[in-house]
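What follows is one structure encoded as structure tokens, with my remarks underneath.
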Amino acid sequence: MIGLGHYLLLSGILFSIGIVGVTTSRSVLKILLSLELLLAASNLSFVAFSRFNGDYTGQLIVFFVILVAAAEVAIGLAIVVLMYRHFSTIQADELKDLKW
Amino acid sequence: MSSFFFYLFATILILASLAVVLARNPLYNVLSLIIVIFSLSSLFILLEASFVGVILLLVYGGAVLVFFLFVVMCLNLNSQTFTTTQQSRFRLLGWFIGLMFLSEFSLAIKSFLETPTIQSASIRGTIEIIGKILFTDYLLPFELTSLLLLIAVFGIVSLAQGALKTDGEGT
Amino acid sequence: MVNPLLAWIAFFSPLAACVVITLFSLRSKTYSAFLAIAGILTSFVCSVLLFLQIFHVDPPIELQQSLTWIHIDSLTINFGVLVNPLAIMMLLIVTGVGSAIFIYSMGYMDEDQSSPRFFAYLSLFAFSMIGIVLSNNFIQLFIFWELVGLSSYLLIGFWYEKPSAADAGVKAFVVNRVADFGFLCGILLLWSISDVGNGRSFLFTDLAGVVTHLDPHLLTVVALLIFCGVIGKSAQVPLHVWLADAMEGPTPVSALIHAATMVAAGIYLLARTFFIFEPLSTALTVIAYIGGITALLAATLAVVENDIKRILAYSTLSQLGLMVMALGLSGPMQGMYHLTTHAFFKALLFLGAGSVIYALHHEQNIWNMQGLLKQMPITGVTFLIGTLTLSGIFPLSGFWSKDEILALASKHNSLLYWVATLTSGLTAFYMGRLFWVAFWGKAPTSGHSHQAHESPLVMTIPLIFLAVLSVTGGFLGIPHFLYPHAEHPAINISVALISSVVAILGLAVSYMIYGKRPTRDPLETKLGFLYPVLKNKYYFDVVYGWYVDHVQQSVAKIFFWIEEIVLVRFGVHGMTGLAKAAGQVLRRLQSGLVQFYALVFVLGVVYLFFIMVTKL
């Protein structure tokens, strides 16, 4: 039987991979993609809890998270484009202007 | 039967997400994410949350990832752009943290893994039911998110405007 | 019945005068003078009323009224007044002689532009002195003791543009500081060993009851420490060095503070707290000998002085020595009696000297004065009365009070008796010297003394007032008023005869040497090698100067080093260096790289998660 634990473990694995992606990627685009992975992981755990606790709240939260994630990605990509125009590169290392 | 599908989709999910992180070509990154979305959506449907599953596909697969593809193609990114390693200098530390997190997480959900839980049969996340709750209990967040999307549009338009202006002056 | 409100009014009225002058009338000389005189006269009237209330009341009234000022656990400090015949006598002296001097100052300081400040300081002094007189506990006494020292400093250095005056003020204050340290130690030691039933107390009344139960050795230490304060304030050897230099202040200051009242505060303290000293024979002996040594030493120094005020200053030192000696011989009554008469005639002498100085436009060397008796009759006659009183000529007041002390000494300690008698002879000699040189003979035909004329009424009336007191003081029955239950032996004829003979001898010898008014002091040659020793005041100042320059400055240098190197360089700069280094290290966190920030963020989350998981 597939229990809640399986889904949660899956969600955890996904989240860890997302963290690895965020911290080890050099290109800003890949960071954004990994960010999406993080969100997906939490969505999965919400739906799993919803299913196993008999409460629709989890699914509704997922609904809103998807919406907000969409908005966030849109703006994020706009910034990436601007960054490319300004620095001619999308390596995260290049954004060093606020260095001490 | 459902456990077979679960394991199938779970494996695809994990492999695809690894591909998102590890692949070199940015195009492969994005396409891998699409696969992630697909498998995730399947898992949602397995969990009787058909509405959010389809919404996920529509919004992510239909809009967000297409947007990503646009950007990738717009910036003309391919694997030749990255002659140096694609990993940042915090590579080892990042992997280590990820593994740490995973182990802690497993510890945290130990109780869930040991005792089997039963899926509640009453949950059926159909569009009808979700819609009803959405427009009664969660009406306010619903309206507010529409406002949020409007503000996001404003943001992007003003960012683009600025870019257009500098572009115009430059040439 | 005694009304304690009178005491409080007498206490605070000079303070009110001082405050009003400082706030409102620092520009106006006449207003300030009138305010100050009003303040002290109010106190005087209250003192007289109090005197009338307790006069001839038997048993003698002792009234105390105080409020608890500080109360922390077992520490209680009061603020109050203790009124008994002794206090009222002293109050009458302070306010009475004080009023005379305040009025006199109006004339003396009329040419000085900063006289409002003078009157403010004088009022402050009056307040502090009355505080010492009326205080009912050691801590309050000490506070006013210090305040009096402060007023003295301010008044000695009143003409602060003159470096010698400023230095003299500092010297007075520093020497008193040294003495007051011992005083404070004594007070605190006494408090710590006192146990008056409901805890420890500073109150005189409480301590008087409990003193008999305390360990006499500790009590001797306490007594000697308290006497340290007296050594400083009343200028006994070895802390006498400040009084002569204190003559830099204006003459009314010298009269009031350094003759009649402040220096007498030490004697008053001893009399007020005599219950501590009474059973301690060792302490009393020490006190008596110090008094005797001071008396003789000062008298020898007065013989070679040429500044009229310095002669009087050493004379004061000498008489104070006699008073201390009297107290050391268990004679508080005799000591206080002499204090009273001394206040009268010493103030008289100083004011007379001031009159002379004023008339001669601040000339103070007696060798530049001649025949003043003819030029300034009132001043001259009153000065003569003062001289005779000080020398102890029958039947003036000085005779009676000094005689009591001599009689006491003859009964207890013949060495000190002869020291006192010798001192009296020297006193008569140098006062005679002063009088013959400055006042006697024909007026000169030219120079300052030729132009001198009598001082205005505002200055001569106080002189007359004090002269009358000096003459009649012996008949006022002061000892009976102060200590009605003590034994009052009849006059000792042999002592009286010897003292009168010695006094007349002194005056005669001085006439022999100085009556013909030589142009220079013949003692310079006659005394030979002694003369420079006396002129240098037995080299006390030299020794102290050496000590300060070498010993004290070395110690000060060590502390300076500790502060500069250890505290400042290591401490302060070290701290800043440490902060800077920490900053240099920590600024690396601001790498500007978003990924790094995200990493740290996640690191934090992982850590928190770790804590939560392992705790669970």
Scattering profile of region C:336-463 from the Debye formula, Cα beads only, expressed as log10 I(q)/I(0) at q = 0.14, 0.22 Å⁻¹, is -0.64, -1.20
A chain fully extended from C:Glu454 to C:Ala579 at 0.36 nm per residue, minus the present Cα-Cα distance, gains in nm 37.4 nm
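Loop sites only, by DSSP: take the trypsin sites (Lys or Arg not before Pro) in chain A that have at most 15 other C-beta atoms within 10 Å and name the longest stretch containing none of them.
Numbers: sites that count: A:Lys96, A:Lys99.
Result, exposed sites excluded: A:1-95.
Would you please calculate the Kirkwood hydrodynamic radius of region A:32-100 over all C-alpha pairs and express it in Å, rounded to one decimal?
Details: mean 1/r = 0.0703 Å⁻¹.
One decimal place: 14.2 Å for the Kirkwood radius.
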Per-residue ellipticity at 222 nm attributable to helices in the protein assembly as shown (runs of n ≥ 4 DSSP H, -39500 (n - 2.57) apiece, nearest 500 deg cm²/dmol) works out to -23500 deg cm²/dmol
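For region C:485-565, run through the trypsin sites (Lys or Arg not before Pro) and keep only the ones in DSSP coil with at most 11 other Cβ atoms within 10 Å of their Cβ.
Working: sites: C:Lys516, C:Arg520, C:Lys526, C:Lys535, C:Lys537, C:Lys557; in loops: C:Lys516, C:Arg520.
Sparse-neighbourhood loop trypsin sites (Lys or Arg not before Pro): C:Lys516, C:Arg520.
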For region C:454-537, listing chymotrypsin sites (Phe, Trp or Tyr not before Pro) in a DSSP loop whose Cβ sees at most 10 other Cβ atoms within 10 Å gives C:Phe529
Given the candidates C:Gln584, C:Ala343, C:Leu67, the one whose Cα lies deepest towards the positive end of the charge dipole of chain C, counting +1 at each Lys or Arg C-beta and -1 at each Asp or Glu C-beta, is C:Gln584
Taking a crude spin-label model, label points 7 Å out from Cα along the C-beta direction, the C:Ile464 to C:Leu415 distance in nm is 5.0
For chain C, longest principal axis from Cα atoms; helix C:281-302 axis from its Cα atoms; angle between them, nearest 10 degrees, is 60
Expressed in angstrom and ordered largest first, the alpha-carbon extents of the protein assembly as shown along the principal axes are 142, 69, 49
Mean projected area (nm²) from the convex hull of Cα positions in region C:174-233 is 3.9
Dipole check, the protein assembly as shown, charges on Cβ (K,R +1; D,E -1), about Cα centroid: among C:Met575, C:Met109, B:Ile130 the Cα furthest to the positive pole belongs to C:Met575
The orientation-averaged projected area of the Cα convex hull of region C:430-552, in nm², is 15.0
Once the mean of 1/r over all distinct C-alpha pairs in chain C is inverted, the Kirkwood radius in Å reads 26.4
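Of all alpha-carbon pairs in region C:297-377, indicate the percentage at a distance above 16 angstrom. Working shown, then result.
Details: 1878 of 3240 pairs.
Everything past 16 Å amounts to 58 percent.
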For chain C, the longest principal axis of the Cα atoms and the Cα long axis of helix C:85-108 enclose an angle in degrees, to the nearest 10, of 80
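Whats the longest run of chain C with zero GluC sites (Glu not before Pro) that are DSSP loop and have at most 12 other Cβ atoms within 10 Å? Before the final figure, lay out the partial values.
On the way: sites that count: C:Glu111, C:Glu161, C:Glu487.
Counting at most 12 other Cβ atoms within 10 Å as exposed, the longest clean stretch of chain C is C:162-486.
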Here the Kirkwood hydrodynamic radius of region C:343-410, Cα-based and in Å, equals 13.0
Per principal axis, largest first, the Cα atoms of region C:154-256 extend in Å by 54, 23, 19
Placing one equal point scatterer on each C-alpha of region A:1-73 and summing with Debye, one gets log10 I(q)/I(0) at q = 0.19, 0.21 Å⁻¹ equal to -0.78, -0.89
So for region C:262-303, using the alpha carbon gyration tensor with a ≥ b ≥ c as root eigenvalues (a/c under 1.5 gives rounded; past that, a/b versus b/c decides prolate or oblate), I'd call it oblate
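Determine one quarter of the surface area of the Cα convex hull of region C:4-83, which equals its mean projected area, and express it in nm² to one decimal. Don't skip to the end; give the middle numbers.
Working: hull surface 28.8 nm².
So the Cα hull casts an average projection of 7.2 nm².
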Taking Cα atoms, the helix C:594-615 axis meets the longest principal axis of chain C at an angle in degrees (rounded to 10) of 90
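How shielded is C:586-594 by partner chains, expressed as the average number of their Cβ atoms within 10 Å of its Cβ atoms? Working shown, then result.
Values: counts 1, 2, 2, 1, 3, 4, 7, 10, 8.
The shielding value for this peptide is 4.
A 29 angstrom limit on the alpha carbon distance is what I want to check against. Which of C:Lys233/C:Lys526; C:Lys171/C:Lys309; C:Lys411/C:Lys516; C:Lys171/C:Lys442 exceed it? The partial results should precede the final answer.
Values: C:Lys233/C:Lys526 35 Å; C:Lys171/C:Lys309 18 Å; C:Lys411/C:Lys516 40 Å; C:Lys171/C:Lys442 40 Å.
Correct reply: C:Lys233/C:Lys526; C:Lys411/C:Lys516; C:Lys171/C:Lys442.
Starting with the fewest neighbours, write out C:Met106, B:Met1 ranked by other beta-carbon atoms found within 10 Å of each beta-carbon.
Details: C:Met106 22, B:Met1 5.
Least to most surrounded, the residues fall as B:Met1, C:Met106.
Kirkwood Rh over alpha-carbon pairs of region B:1-71, then Stokes-Einstein at 4 °C and 1.567 mPa s: what D in µm² s⁻¹, rounded to an integer? Write out the running numbers ahead of the final one.
Working: Rh = 12.4 Å.
Here the translational diffusion coefficient equals 104 µm²/s.
Check each of the chymotrypsin sites (Phe, Trp or Tyr not before Pro) in region C:40-130 and keep only those in coil by DSSP with at most 12 other C-beta atoms within 10 angstrom; list them in order. Don't skip to the end; give the middle numbers.
On the way: sites: C:Phe44, C:Phe51, C:Phe55, C:Trp69, C:Phe79, C:Phe102, C:Tyr104, C:Tyr108, C:Phe118, C:Phe119, C:Tyr121, C:Phe125, C:Phe127; in loops: C:Phe55.
Sparse-neighbourhood loop chymotrypsin sites (Phe, Trp or Tyr not before Pro): C:Phe55.
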Rounded to whole angstroms and listed largest first, the alpha-carbon spread of region C:396-481 along its three principal axes comes to 54, 30, 14
From fewest to most C-beta neighbours within 10 Å, the residues B:Ile130, C:Ile611, C:Ile257 line up as C:Ile611, B:Ile130, C:Ile257
Using eta = 0.890 mPa s and T = 25 °C, Stokes-Einstein with Kirkwood Rh from Cα pairs puts D for region C:517-608, in µm² s⁻¹, at 119
Normalised per residue, the volume inside the convex hull of the alpha-carbon atoms of region C:32-176 in Å³ amounts to 130
In Å, the C-alpha Rg and Dmax of region C:239-330 are 13.8, 43
Plugging the Cβ-Cβ distance of C:Met612 and C:Val566 into 1/(1 + (r/R0)^6) at R0 = 56 Å yields, to the nearest 0.05, a FRET efficiency of 0.75
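With a sphere of radius 13 Å drawn around the Cβ of C:Ala556, what net charge do the other residues whose Cβ falls strictly inside it have (Lys, Arg +1; Asp, Glu -1)? Working shown, then result.
On the way: positive: C:Lys557; negative: C:Asp549, C:Glu563, C:Glu564.
Summing Lys/Arg as +1 and Asp/Glu as -1 gives -2.
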1/(1 + (r/R0)^6) with r = Cβ-Cβ of C:Leu497 and C:Asp167, R0 = 60 Å, i.e. FRET efficiency to nearest 0.05, evaluates to 0.85
Given the candidates A:Gly3, A:Ala69, A:Ser34, the one whose Cα lies deepest towards the positive end of the charge dipole of chain A, counting +1 at each Lys or Arg C-beta and -1 at each Asp or Glu C-beta, is A:Ser34
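Bear in mind these aren't lab numbers, they're just calculated from the coordinates by the rules spelled out. If you're wondering where the values come from, they're calculated on a predicted model, not measured in any experiment. No Cβ is skipped: glycine too gets one built from the backbone with ideal geometry, and neighbour counts run over all protein chains shown.
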